Amino acid sequence: MASCPSIDSTSSDPVLRLGRWFLAAVALIAMPAASSASVYLSVGEALEMAFPKCEIVRQTIYLTEKQKTDAGGLARVPIRSLIVYPYVAVKEGRIAGVAYFDSHIVRTLDETIMVAIDPDDRVQRVELLVFNEPPEYIPPDAWYGLFPGQRLDAQLAVNRGIRGILGATLTTRSTTDAVRRMLAIHHVIKDQLEH
């Protein structure tokens, strides 16, 4: 870690003292910020894990206000944006699945996950891409394995089909909410997906 330059505050020349303070301030601003952010996967790596040997087509879909309201009602969590970016996986001319990426706040910082959905509208896999909270708030890998096969129903909730994790309560809730949100959005836009 870079150290702050020393400042001679005893100098009698006020211009010299001001100049040294200015240089110290510039040095502090130029220091790289300490970050607890951890990137676990890139978008490309996550898509390759979910849909190997598929062509991936990224789309942009603009939700209508009705679609946003409908998705929010299905998800039982807020839908924050009217713009959705589904990544459609195509294999042999057919849709093999669709992936969505969701960034959301866990406690005070954000995480980004991928939710891959199969052609039967079930969760295919959930992958953690970025986690800015302290790493001890990340659930174990096995916890993410509870999502495949889940549908958007009453079981897709913490302490129902998804068990809670002591010490990662906020992460489990925010991740589960994000999965619900992506399934609900998928439900209202799936007829618009092109391949």
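Computed values, structure above
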| read-out | value |
| --- | --- |
| Gained length - Thr69 relative to Leu166, 0.36 nm times residue gap less alpha-carbon distance | 31.6 nm |
| Accessible area per residue in Å² at 1.4 Å probe, computed on the stretch 45-150 | 51 Å² |
| Reachable aspartates and glutamates, given that their alpha-carbon falls under 16 Å from the alpha-carbon of Lys66 and they are not under 8 places away in the same chain | Asp191 |
| Cα centroid separation, the stretch 112-150 to the stretch 153-185 (Å) | 10 Å |
| Environment charge of Val158, counting only residues whose C-beta is closer than 11 Å and scoring Lys/Arg +1, Asp/Glu -1 | +3 |
| In Hz, Karplus ³J(HN,Hα) per residue of the stretch 125-140 (6.51, -1.76, 1.60; θ = phi - 60°; x = Gly, Pro) | 6, 10, 10, 8, 9, 9, 9, 9, 6, x, x, 5, 8, 8, x, x |
| Theoretical gain in end-to-end length, Ala142 to Thr60 [0.36 nm per residue, Cα-Cα removed] | 26.3 nm |
| 14 Å beta-carbon shell around Gly167, net charge (K/R +1, D/E -1) | +1 |
| Spin-label pair Lys53/Val39, simplified geometry with 7 Å Cα→Cβ offset, distance in nm | 2.9 nm |
| Partner lysines for Lys91 [C-alpha distance under 30 Å; skip if fewer than 8 residues away on the same chain] | Lys53, Lys68, Lys190 |
| Neighbourhood net charge (11 Å Cβ-Cβ; Lys/Arg +1, Asp/Glu -1) for Phe51 | 0 |
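The values are calculated or read from the model by the stated rules, or taken from the named source; none is laboratory data. It should be emphasised that the depicted structure is a prediction, and the values quoted were computed from it without experimental measurement. Heads up, the Cβs are rebuilt from the backbone with ideal geometry, glycines too, and the neighbour counts pull from every protein chain shown. Protein only, heavy atoms only, side chains kept; ligands, DNA and RNA dropped before computing areas. Shrake-Rupley method; radii C 1.70, N 1.55, O 1.52, S 1.80 Å.
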